[in-house]
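Notes follow once the structure below has been shown.
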Amino acid sequence: MRADPTRPALLAPGAEAPVVTAPDPDVRAILEADEFVDRLAAVEHERWAHWQQYLHDQCQRTDDGSLVIPAELAKRWSAQIETPYAQLSEAERESDRDQVRRYLPLIIEALKQHKP
C-alpha cells in the first residue's frame, strides 16, 4: 500500500498511535501560532532545499533540463520509501533523527514561553 503523497504519514502502516493527552491550551496556542508555524515552515523549506540540492547533484541532467536519477539510487530510495522507520538501518534512522533535530531548537524555545 502506497502512502497518500498529499498527506504526510505520521505513523508507519500498521503502527499504533502513541497515547497523547490533550496539551495545555497555552502550549497549544504557542505551538499553533502563525508565527511559530512559519518559523517551522522555514526550517522545513531549508531541509527540503538541502535534500533537493543533494538529489539534483546525484542526477544526470539531460539536454532539455530534466534530471535522471541513477538506477541504483532510485532502487535504494524506493526501498527506503517502502520501509517502515523501525525497520530502517541504524544509519538511516540516525539520518532521520538528524533531520528532526533541525526543528528542536524552535520547539524548545517555544515551550520555554509557557510558564505553568
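Is the stretch 25-112 best put as rounded, prolate or oblate by its Cα gyration tensor, with a ≥ b ≥ c the root eigenvalues, rounded for a/c under 1.5, and otherwise prolate when a/b is larger than b/c, oblate when not?
oblate
For the stretch 88-97, what does the Karplus curve 6.51 cos²θ - 1.76 cosθ + 1.60, with θ = phi - 60°, yield as ³J(HN,Hα) per residue in whole Hz, taken in order and with x for Gly and Pro?
After applying 6.51 cos²θ - 1.76 cosθ + 1.60, I find 5, 5, 4, 5, 5, 5, 5, 4, 5, 4 Hz.
In nm, to one decimal, how far is the Leu55 label point from the Asp34 one, both placed 7 Å along Cα→Cβ?
Label at Leu55, label at Asp34, 3.0 nm between them.
FYI, it's all coordinate maths here, none of it is from the lab. No experiment lies behind these values; they were computed from the predicted model shown. Note: ideal-geometry Cβ built from the backbone for every residue, glycine included; neighbour counts use all protein chains shown.
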